[in-house]
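K.L.:
Dropping the structure in here first, questions after.
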Amino acid sequence: MKFSTAAVALAFLFADLTVARPSRLQERINSRARSSRALIRADPSKILEAGVVPTNNSHVEFSSNWSGAVLESPPAGQTFTTVTGTFVVPTPKGNGAASAWVGIDGDTAQASILQSGVDFTVTNGRVSYQAWFEWFPNFAIDFSNFPISAGQSITVTVHSTSKTTGTVVLTNGSTGKSITQSVSAPSASAALAGQNAEWIVEDFEEGGSLVTLTNFGSVTFTSASASTASQSVGVTGATIIDMQQNSKTLTSVTIGSGSSLTVTHT
């Protein structure tokens, strides 16, 4: 999909960021974008054949670009306003890329996503990392002064202060550095519904098509929670999403507790 750089420039007032632009990672020349998930409805009779074993009675679905866990609805009569999770930065192997992030909406409520996370990319054997935020359908925007290395513990929190405004906070627990960014919806049509909470490893888009998925090993989200104005919930009962491309299942997701899940490249 294509995005207007002018729209990006009008949508954000930057703090701790480089100039408004389609974000780039190292030598990339095309626009990078997260997207709502491309859903492949799972035939229950084929789940075990695909090597996906449901855990904690969670529902399992397949997607071509997402893998992780999604709460598909908040507690009755409420909306999700905050999603948080902590993960250790992996050391990927094999040329390609992937991204770990947390977000609000984008699954059943596909018009928008408020999300933030970390890309990990391997280019000719060289590994690089980039922290970013995005209010989809705008481009992802890179943080220019938040260095990340393999093995560090990163906590990501996204919070909507209204349907069209919010904040993103990233904390590197290994270095003590934290960064906070105010964000706004790119348009009224991208207002949040607050219906979904996600903890995802994604095969993101670049130049309108999915990048080659690197072997990221595994990413474990801990302290995973989603909050409304009055209560907080974990990932128990969340929908498990495994990534499937060309009829091949590429990931396996397990929910380890009420507040943790692991996404493993298979």
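K.L.:
Starting from residues that are closer than 15 Å to T157 by Cα and of a type outside the set (F, W, Y), keep the ones in region 127-140 and report whichever is surrounded by the fewest Cβ atoms within 10 Å (Cβ to Cβ).
P.N.:
A131
K.L.:
When region 98-111 is examined, which residues are found to be more than 20 Å from T155 (Cα to Cα) and surrounded by 21 or more Cβ atoms within 10 Å (Cβ to Cβ)?
P.N.:
G106, D107
K.L.:
Still on this structure: May I ask you to say which residue of T171, T164, T222 is over 14 Å from the mean Cα position of the chain (by Cα), touching a residue at least 40 places away in the same chain (Cβ under 8 Å) and either surrounded by fewer than 23 Cβ atoms within 10 Å (Cβ to Cβ) or within 24 Å of F80 (Cα to Cα) (or both)?
P.N.:
T222
K.L.:
Turning to a different aspect of this structure: Would you point out which residue out of S182, S252, S225, S230 is in a strand (DSSP E or B), at pLDDT 95 or above and more than 22 Å from F133 (Cβ to Cβ)?
P.N.:
Criteria check complete, one pass: S252.
K.L.:
Which condition breaks for F143 when tested against (1) surrounded by fewer than 23 Cβ atoms within 10 Å (Cβ to Cβ); (2) in contact (Cβ under 8 Å) with a residue 12 or more places away in the chain; (3) over 20 Å from E202 (Cα atoms); (4) of a type outside the set (A, V, I, L, M)?
P.N.:
Single failed check for F143: (3).
K.L.:
Hey, T264 hits all of (1) among the polar types (S, T, N, Q); (2) within 14 Å of S63 (Cβ to Cβ); (3) modelled with pLDDT of 95 or more but one; which does it fall short on?
P.N.:
(2)
K.L.:
Kindly indicate whether E27 is surrounded by fewer than 24 Cβ atoms within 10 Å (Cβ to Cβ), part of a strand (DSSP E or B) and at pLDDT below 95.
P.N.:
No; evaluated as a whole, the condition is false for this residue.
K.L.:
What are the residues in region 192-215 that are among the small types (G, A, S), open to solvent by 30 Å² or more (accessible area, probe 1.4 Å) and either at pLDDT 95 or above or under 23 Å from L261 (Cβ atoms) (or both), if any?
P.N.:
Scanning region 192-215 gives a single hit, A193.
K.L.:
I've got another one for you. Here are I154, I148: which of them is of a type in the set (V, I, T), part of a loop (DSSP other than H, G, I, E, B) and crowded, with 19+ Cβ neighbours inside 10 Å?
P.N.:
I148
The values are calculated or read from the model by the stated rules, or taken from the named source; none is laboratory data. Please read these numbers as outputs of a predicted model, since none were measured by experiment. No Cβ is skipped: glycine too gets one built from the backbone with ideal geometry, and neighbour counts run over all protein chains shown. SASA here: full protein model, heavy atoms, side chains in, ligands and nucleic acids out. Shrake-Rupley method; radii C 1.70, N 1.55, O 1.52, S 1.80 Å.
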